[in-house]
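Worksheet for the structure shown next.
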DNA sequence: GCAATAGTGTCTGTCAGACAATATAGG
DNA sequence: CCTATATTGTCTGACAGACACTATTGC
């Protein structure tokens, strides 16, 4: 029996990796996608920015660990959370073997701003996706002061998060997770344009969204405009399907 | 400092979960999707069928672990392998905490048959997906002798694999991973129909596939038919995009 | 020539993009 | 009335489904 085969029978005989979750907290700021980052105090990558993360407890599910990090490290009570991908390169953390389950977390503009307010240690950086079409290349993560290099393989994780977001935007409800409870069609279109990085045709967008049956008109109108106010809609989880 | 917070700072102070990979080996048999299963010898679920899997070594990546299981447990040298999802329910294995990274592996008909031949311990079971539209419900896994109950949460993993396969079929190259190097358009359509579970329109399917630019005509024809032989095509990885 | 399937042409409905016209709120 | 944006209407081109027709091979 080789060492490799022994792994199949006696997991206790071998060293186990640590398992962590890392969160890509995304919101829309000034019509651009942005991500919330923490600052690392200790080596490796001391001083660099990183995704909020934490180890998975032996008695907690991955989703629970993600929710705990969301609450503890970002001070956010509730957000759309979905598992993204699991990163398992051997040397992705130079200290020891850590396998990281990445989660995508989506915040509306108010929740994003509130998190920044409540946790001054957080930094918001805008994400720019070079229009590389399908294949997910690198993304630029920057503040007005300049680019923000990330620790570990976290830039890859953000890039994958944007790719996933783009892919799911049109056929799933992720777009609504970036908006408040009530929103106008223009706000919804702004979110889609920010994620996709391209302008969209207004009448076509309206038709498509309304025909999907996901929107319920509230009868209310937005306030505070100096022009014709738009109708407020609410996301309605699809019925029959 | 609470126990939870301590996890963030000292991973060695707490027990680590084991990490495994499980493979959903899918091929098309008799125009139906099928999966390759191993038989469990030891408890829990002794005697039941399960997905081939193994623990992840401390010095191997997740992809490497998946390739090792592919080779060792299924006797397959090469297949399309892609990470599917990571399952982390606390009690998914009653013995101990095992987090499993599920992989989707796609085999063409010959490779599927060869694996069955080479490893007599493998069982091929057909997968039937109830036409539940989008939301991924349960799938039926059965042989001609009857339904095959799976160990652990492996039935959920197979269900997710089918959902992913259906979702990616039309816009990615996964369909070609289920076919040999050279194939006819009819074979390609058969694969799509088997995965989607619905008949497709022949002229529209041909147009769509040829317009995508993924197919290269070989000039050769299939042999052994008693009627007009179809042209053989080869998958050509997209150029410009 | 016959059987059976490969491959093509054409019609039609659906739908997105483009463009423009109309509606409406505050000032 | 004027400004700025919401909302709607219409035209057009791209494309999928339906259906029928032609092509080709073995027998």
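The numbers here are math on the coordinates, done by the rules we state, and not lab data. All of these numbers come straight from a predicted model, not from anything done at the bench. Counting neighbours? That spans all protein chains shown, and the Cβs are built from the backbone with ideal geometry, glycine included.
Extents of the protein assembly as shown, taken as max minus min of Cα coordinates on every principal axis and listed largest first, are 75, 58, 40 Å. Taken residue by residue and averaged, Cβ atoms of other chains lying within 10 Å of the Cβ of B:83-95 number 4. Looking at the square roots a ≥ b ≥ c of the eigenvalues of the Cα gyration tensor of the range B:173-241, which shape do they give, rounded for a/c under 1.5, prolate if a/b is larger than b/c, or oblate? Taking the square roots of the gyration eigenvalues as a ≥ b ≥ c, the range B:173-241 is oblate. Plainly put, the tip 7 Å out from Cα toward Cβ on residue A:225 is 5.9 nm from that tip on each other copy, the closest given first. Using the alpha-carbon atoms, what tilt in degrees (0 to 90, nearest 10) does helix B:185-196 show relative to the longest principal axis of chain B? Helix B:185-196 and the main axis of chain B meet at about 40 degrees. In this entry, chain A is assigned a mean projected area of 17.3 nm², taken as a quarter of its C-alpha convex hull surface.
Overall dimensions of the range B:101-241, expressed as equivalent-ellipsoid semi-axes from the Cα gyration tensor (√(5λ), whole Å, largest first), are 29, 19, 15. Rounded to the nearest 500, the helix-only mean residue ellipticity at 222 nm of chain A stands at -9000 deg cm²/dmol, with each DSSP H run of n ≥ 4 adding -39,500 (n - 2.57). Between the Cα long axis of helix B:202-212 and the first principal axis of chain B there is an angle of about 70°, rounded to the nearest 10.
In the assembly of identical copies, residue A:203 has its label point, taken 7 Å from Cα in the direction of the beta carbon, separated from the corresponding points by 3.0 nm (ascending, one decimal).
Over chain B, Cα pairs under 8 Å with separation of 6+ residues give a relative contact order of 18 percent.
When A:101, B:35 are arranged by Cβ crowding within 10 Å, least crowded first, meaning fewest neighbours, the order is A:101, B:35. Taking other C-beta atoms within 10 Å as the exposure proxy, A:139, A:56 rank A:139, A:56 from fewest upward.
Approximating the spin labels as points 7 Å out from Cα along Cα→Cβ, the residue A:123-to-residue B:140 distance works out to 5.7 nm.
Reported value for the range A:164-211: 73 Å³ per residue, from the convex hull of its C-alpha atoms. Equivalent-ellipsoid semi-axes for the range A:33-130 (Cα gyration tensor, √(5λ), whole Å, largest first): 22, 17, 14. The same position residue A:29 in the other copies lies at 5.4 nm from this copy, comparing label points 7 Å beyond Cα toward the beta-carbon, shortest first.
Does a label point 7 Å from the Cα of residue A:196, set along Cα-to-beta-carbon, have any residues of the range A:154-180 with amide nitrogen under 16 Å, and which are they? Hits in the range A:154-180 for residue A:196 at 16 Å: A:163-176. By the count of other C-beta atoms within 10 Å, a proxy for reagent exposure, A:103, B:14, B:233 are ordered fewest to most as B:14, B:233, A:103.
Scoring B:206-217, A:107-118 by mean Cβ neighbours within 10 Å over their residues and listing the highest first yields A:107-118, B:206-217. For chain B, the longest principal axis of the C-alpha atoms and the axis of helix B:62-74 are separated by about 70°.
With contacts taken as Cα pairs under 8 Å at a separation of at least 6 residues, the range B:107-166 carries a relative contact order of 24 percent.
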